[in-house]
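Engineer: To start, I am sharing the structure in question, which I have written as structure tokens.
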Amino acid sequence: MTRSVPTAAAGQAELKELASRAKAIRIGCLESIAALGIGHIGGSMSVVEALAALYFRHLRLDPADAKAPDRDMFVLSKGHAGPALYAALVEKGYLKRELLSTLNKGGTHLPSHADRKLTPGVDMSTGSLGQGFSAAAGIALGLRMEGPRPDGSLRRCYAIIGDGESDEGQVWEAAAFSAHYKLDNFIAFTDCNKFQIDGSTDSVMGLRDLAGKWEAFGWKAIKVDGHDLAALDGAILEARAVQGKPVMIVLDTVKAKGIPAFEGKAESHNAAFVAADLEACLKAMEAEEATRG
Amino acid sequence: MADREMRAVYAQTLVDLGALDPRICVVEADLARATGTGPFAKAYPERFVNVGVAEANLVGVASGLSATGKKPFAATFACFASRRAYDQFFLSANYAGLNVTLVGTDPGVTAAFNGGTHMPLEDLALMRAVPGLAIVEPSDPVSLEAAVRIAAASDGCTYLRLQRKSAPELYPAGEHFELGKAKLLRQGKDLLIVALGALMVSEAKKAAELLAADGLEATVLDLFSLAPIDRAAIVKYASASGRVVSCENHRVTGGLGSAIAEILAEEGVRAKLRRVGVGADQFGEVGTQDWLADHFKLSAPHIAAAAKSLF
């Protein structure tokens, strides 16, 4: 059985808690990638704060029962950010921390791309870009068919897609579908970290006015700094209040956020990352915290 | 026995199942008029979904519905179900371990006037490559109803290859069907004919009559499911005569004939095989179904000729 989620904006104490969770997710993710020596660091780091806001404020879940029938569901359509999701699931209590060091190793429960059959707490297998978003739309419709919970709250589906992923036609098929079916229990995020494998999104396939596109497709679009936890919390609260249409929260993010050597670089998509790199990151985080006081 | 429109049987079976099981959903991609699922839409509008002309999203939405515990039946022309939405069906439905029945209508030459662009002659080959996927092509209205009921009762994915038009009833109402069990339609000592689907089972039966008139007695199997395949029946009857003809409304590459060749080789059955199907180097074309069946050498006289070439 799940418990209700907050309906008011996060106060200072809650934001401090969220920041602490985000830090733990970031470090857990980097530890798992460092244990392997290579991984999707860029796109994992850019979604850390969104995952913290979802898992520690807005997703209605029961970590003791990963398949709780009254839960909200979440689809990481940019499935290559699996390591960030696993760190969030560890932090939330779905997975044992020791599992993180098994990332991508033969027989693991934590494959590079999210897998609903392998990992407790993962609701959809993703990795072929565009597909998870389409499945998330189907999940939102399926949850709506079930009707609201006994307390009257909607069962929601949340999803995160990438800006590079937004090149996929299936994203826009699902966009039209979700607006046509007025899926107001569907709240999605675009992680706009401005890079895809071959370079900047502007140079590879320009997306132009992304928020405007979502509005044109019949969605409510909200633009927000994807690393600002208070702004994220406010945007999700706003999205939860929207009726009659799905909501796309366009996140302005930094690829490889928190890894000074890689921040904002296309090469961070799938890169070598070893123990020494992890040490450098932890030091940089400490220095930044000291600066902020 | 009477002819019945296959799509009407498909829709009515879903309406019947939908009354008993609220998890049954229908998902269409702007071909509901062709698939004939209007009666389901009327009976259960809240469980009928039309995604428009968007086959990738058809399979994605069906997979998502399944992730919430629903049992979706998603349909489109077989060319789009296989060639266009293959990665979606492979990953979002099958790899993800969900429960989606994908219905490919108008298989092979039954696409007729829609022509070569719409003629799926490779869907079985593609679907055979998906681990654990059940592939069913019913031969008549009775086996179609059974196939829909089997798919609805399954926890995994099914590819249902559906010829929409009328087909004669080959079986009495209520005949029992199961995956991996072929039906023995005729028994003869001289050769084995294995056929899949309404068109080819019908042509195979006619071919057996032609052969009988020439003194050759054929065993005829209606395969019903290509995966799992009735290995035991194929081995038994192929071993008995040493001569096999496979009949598929599909290219000969990777479908029924290939599956039988694999079995014969793996089991060490000493048998010669002729694969009746569209040629390995041929694309589909436009024409009437009868013209196409003759043109691509799928019809009874061609099956009989292939059989005789084994002697």
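Engineer: Tell me the label-point distance for the pair residue B:311, residue A:282, using the 7 Å Cα-to-Cβ offset, in nm and rounded to one decimal.
Structural biologist: For the pair residue B:311/residue A:282, the computed spacing is 8.3 nm.
Engineer: Run down the lysines and flag those whose C-alpha is under 25 Å from the C-alpha of residue A:16, throwing out any fewer than 8 positions away in its chain.
Structural biologist: Cross-link targets: A:92, A:96, A:223, A:255, A:257, A:283.
Engineer: Can you work out D for chain A in µm² s⁻¹ from Stokes-Einstein, where Rh is the Kirkwood radius over C-alpha pairs, the temperature is 10 °C and the viscosity is 1.306 mPa s? Walk me through the numbers before you get to the answer.
Structural biologist: Working: Rh = 18.9 Å.
Calculated translational D: 84 µm²/s.
Engineer: Among B:79, A:29, which comes first, second and so on when ranked by fewest other beta-carbon atoms within 10 Å?
Structural biologist: Listing B:79, A:29 from fewest to most nearby Cβ atoms yields B:79, A:29.
Engineer: Same structure again: Quick one: Karplus J couplings for the range B:268-273, per residue in order, coefficients 6.51, -1.76, 1.60, θ = phi - 60°, nearest Hz, x for Gly and Pro?
Structural biologist: After applying 6.51 cos²θ - 1.76 cosθ + 1.60, I find x, 7, 7, 8, 8, 10 Hz.
Engineer: Binning every alpha carbon pair distance of the range A:148-282 at 5 Å from zero, what are the percents per bin?
Structural biologist: Once binned at 5 Å, the Cα pair distances of the range A:148-282 give 2, 10, 18, 20, 17, 14, 9, 6, 4, 2, 0.
Engineer: Here's a follow-up. So what are the ³J(HN,Hα) numbers for the range B:34-39, from phi and the Karplus equation (6.51, -1.76, 1.60; θ = phi - 60°), rounded to whole Hz, Gly and Pro as x?
Structural biologist: Coupling constants for the range B:34-39: 6, 5, x, 8, x, x Hz.
Engineer: Set the Förster distance to 25 Å, then compute FRET efficiency between residue A:261 and residue A:291 from the Cβ-Cβ distance, nearest 0.05. Walk me through the numbers before you get to the answer.
Structural biologist: Working: r = 19 Å, r/R0 = 0.74.
Given R0 = 25 Å and the Cβ-Cβ separation, E is 0.85.
Engineer: Starting at 0 and stepping by 20 Å, how many percent of the alpha carbon pairs of chain B end up in each bin?
Structural biologist: 36, 56, 7
Engineer: In addition: Could you work out which residue, out of A:142, A:164, A:264, moves most in a Gaussian network model of chain A, that is, has the largest mean-square fluctuation with Cα springs under 10 Å?
Structural biologist: Comparing A:142, A:164, A:264 in a Gaussian network model of chain A, the most mobile one is A:142.
Engineer: Okay, next question. Residues with amide H under 5 Å of residue B:278's amide H, sequence separation 5 or more or different chain, H placed in the peptide plane at 1.01 Å from N; which?
Structural biologist: B:250, B:251, B:252
Engineer: Under a Cβ-Cβ cut-off of 12 Å, what is the net charge of the residues other than residue B:23 that fall near it, where Lys and Arg count +1 and Asp and Glu count -1?
Structural biologist: Neighbour charge sum, excluding residue B:23 itself: 0.
Engineer: Rank the residues A:251, B:31 as a footprinting-exposure proxy: fewest other Cβ atoms within 10 Å of their Cβ go first.
Structural biologist: B:31, A:251
Engineer: How big, on average over all directions, is the shadow cast by the Cα convex hull of the protein assembly as shown, in nm²?
Structural biologist: Mean shadow area of the hull around the Cα atoms is 28.8 nm².
Engineer: Report the calculated FRET efficiency for residue B:20 and residue A:274 (r = Cβ-Cβ distance, R0 = 60 Å), to the nearest 0.05.
Structural biologist: Numbers: r = 58 Å, r/R0 = 0.96.
For R0 = 60 Å, the calculated efficiency reads 0.55.
Engineer: Another question, if that's okay. Can you give the percent of C-alpha pairs in the range B:183-308 whose distance is more than 17 Å?
Structural biologist: The share of Cα pairs beyond 17 Å in the range B:183-308 comes to 51 percent.
Engineer: Continuing with this model, one more query. With labels modelled as points extended 7 Å from the Cα through the Cβ direction, what inter-label distance (nm, one decimal) is found for residue B:53 paired with residue B:154?
Structural biologist: Between residue B:53 and residue B:154, the label points sit 3.0 nm apart.
Engineer: Once both labels are modelled 7 Å past Cα along the beta-carbon direction, what's the residue A:105-residue A:117 spacing in nm?
Structural biologist: 2.3
Engineer: Between residue B:140 and residues 5 or more places away or on another chain, which pairs have amide H atoms under 5 Å apart, with H built 1.01 Å from N, and which residues are they?
Structural biologist: none
Engineer: Right, something else. If you split all Cα-Cα distances of the range B:133-251 into 5 Å bins from zero, what percentages do you get per bin, shortest first?
Structural biologist: Pair shares across the bins are 2, 12, 23, 23, 19, 12, 6, 2, 1, 0.
Engineer: Give a residue-ordered list of calculated ³J(HN,Hα) values for the range A:26-34 (Karplus: 6.51 cos²θ - 1.76 cosθ + 1.60, θ = phi - 60°; whole Hz; x for Gly, Pro).
Structural biologist: Listing the rounded values in order: 4, 5, x, 4, 5, 4, 5, 6, 5 Hz.
Engineer: Anyone know which of A:204, A:250, A:75 comes out most mobile in the 10 Å Cα GNM of chain A?
Structural biologist: With Cα springs under 10 Å in chain A, the top fluctuation among A:204, A:250, A:75 is at A:204.
Engineer: Moving on. Quickly estimate the mean residue ellipticity at 222 nm for the protein assembly as shown, helices only: each DSSP H run with n ≥ 4 gives -39500 (n - 2.57), and the total goes over all residues, rounded to 500.
Structural biologist: Helices in the protein assembly as shown give a 222 nm mean residue ellipticity of -11500 deg cm²/dmol.
Engineer: When the Kirkwood radius is taken over all Cα pairs of the range B:1-111, what Stokes-Einstein diffusion coefficient follows at 10 °C and 1.306 mPa s, in µm²/s?
Structural biologist: Calculated translational D: 114 µm²/s.
Engineer: With an 8 Å cut-off on Cα pairs and a minimum separation of 6 or more residues, tell me the relative contact order of chain A in percent.
Structural biologist: 23
Engineer: So what's the range B:252-311 giving for Rg/Rh, alpha carbon basis, Kirkwood Rh from the mean inverse pair distance?
Structural biologist: 1.03
Engineer: Given a Förster radius of 41 Å and the C-beta distance between residue A:149 and residue B:113 as r, what FRET efficiency does 1/(1 + (r/R0)^6) yield to the nearest 0.05?
Structural biologist: 0.20
Engineer: Follow-up question, since we're still on this one. Under 5 Å between amide hydrogens, which residues at least 5 positions from residue B:100 or on another chain qualify, with H placed 1.01 Å from N in the peptide plane?
Structural biologist: Amide H to amide H, under 5 Å and 5 or more residues apart or across chains, residue B:100 pairs with B:157, B:158.
Any read-out appearing in this document is the output of simple, stated calculations on the displayed coordinates, not a laboratory observation. None of these values were measured; they are calculated from a predicted model. Positions of Cβ are generated from backbone atoms using ideal geometry, with glycine treated the same way; all protein chains shown enter the neighbour counts.
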